Amino acid sequence: MAAQARAANRLMTDQDFRVSNVPTISIIDDDSSVRVAMEDLVNSLGFVAHAFECAGDFLRSPQIDNTTCLIADVQMPGMNGLELQSELLAQGRRIPIIFITAFPDVRLRKRAEAAGAVAFLEKPFDGCTLVSILHTAVKSEDQ
């Protein structure tokens, strides 16, 4: 009986370790349908997903410390995606960011990439492209 209890405790510890090592992807978009779709996609890939309506909600959340990669809309009310990127850098946080936008602008793309953005995707974008970029960003963060 004691051996079974030790084995169960060891199993729970191993499971807890695996769960804690699952990358967390935070999604920020003011469009609820985009948030839900992205959250579903990220969860289907086996990642932990947390969705936020605005940059401020993300910045105030405990998820800021657990986020492996961030997917953020560029144009949002209040703080936009590039302002969020600047704020994170000012805080010393180097979270890989994948920007998505319905309003592509070459100047904004260049600014985001110069500040370290992983990608700058135009809506609507191919889901396979996002998945590939997301996997690359997570792998680079693990190293």
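Quick note: the coordinates plus some simple rules give every number you see, no bench work behind them. None of these values were measured; they are calculated from a predicted model. Heads up, the Cβs are rebuilt from the backbone with ideal geometry, glycines too, and the neighbour counts pull from every protein chain shown.
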Helix 2-20 sits off the longest principal axis of the Cα atoms of the chain, rounded to the nearest 10 on a 0 to 90 degree scale, by 10
So the FRET efficiency between Lys139 and Ser32, C-beta based with R0 = 35 Å and rounded to 0.05, is 0.70
Dividing the helical contributions, -39500 (n - 2.57) per DSSP H run of n ≥ 4, by the residues of the chain yields a 222 nm value, nearest 500 deg cm²/dmol, of -16000 deg cm²/dmol
Check: C-alpha center the range 61-84 vs C-alpha center the range 23-53, spacing in Å is 12
Applying the gyration tensor rule to the Cα atoms of the range 73-139 (axes a ≥ b ≥ c; rounded if a/c under 1.5, else prolate if a/b exceeds b/c, else oblate), the class is oblate
Taking Cα atoms, the helix 32-44 axis meets the longest principal axis of the chain at an angle in degrees (rounded to 10) of 40
Expected max-MSF residue from Val74, Val106, Val48 in the GNM of the chain (alpha carbon, under 10 Å) is Val106
Connecting every pair of Cα atoms under 10 Å apart in the chain and solving the GNM, the largest mean-square fluctuation among Gln91, Gln63, Gln75 falls on Gln91
Honestly the range 23-142 on the Cα gyration tensor test (a ≥ b ≥ c root eigenvalues; a/c under 1.5 rounded, otherwise a/b vs b/c for prolate or oblate) is just rounded
Computed about the Cα centre, the charge dipole of the chain from +1 Lys/Arg and -1 Asp/Glu charges at the Cβ has a magnitude in debye, to the nearest 20, of 480
The helix 127-142 Cα axis meets the longest alpha-carbon principal axis of the chain at an angle in degrees, between 0 and 90 and rounded to 10, of 60
Long-range amide H partners of Met76, meaning residues 5 or more apart or on another chain whose placed amide H is closer than 5 Å, are Gly81
Candidates Arg35, Arg93, Arg109; GNM for the chain (alpha-carbon contacts under 10 Å) flags as most fluctuating Arg93
Quick calc: nm separation of the 7 Å Cα→Cβ label points for Thr129 and Ile64 -> 3.1
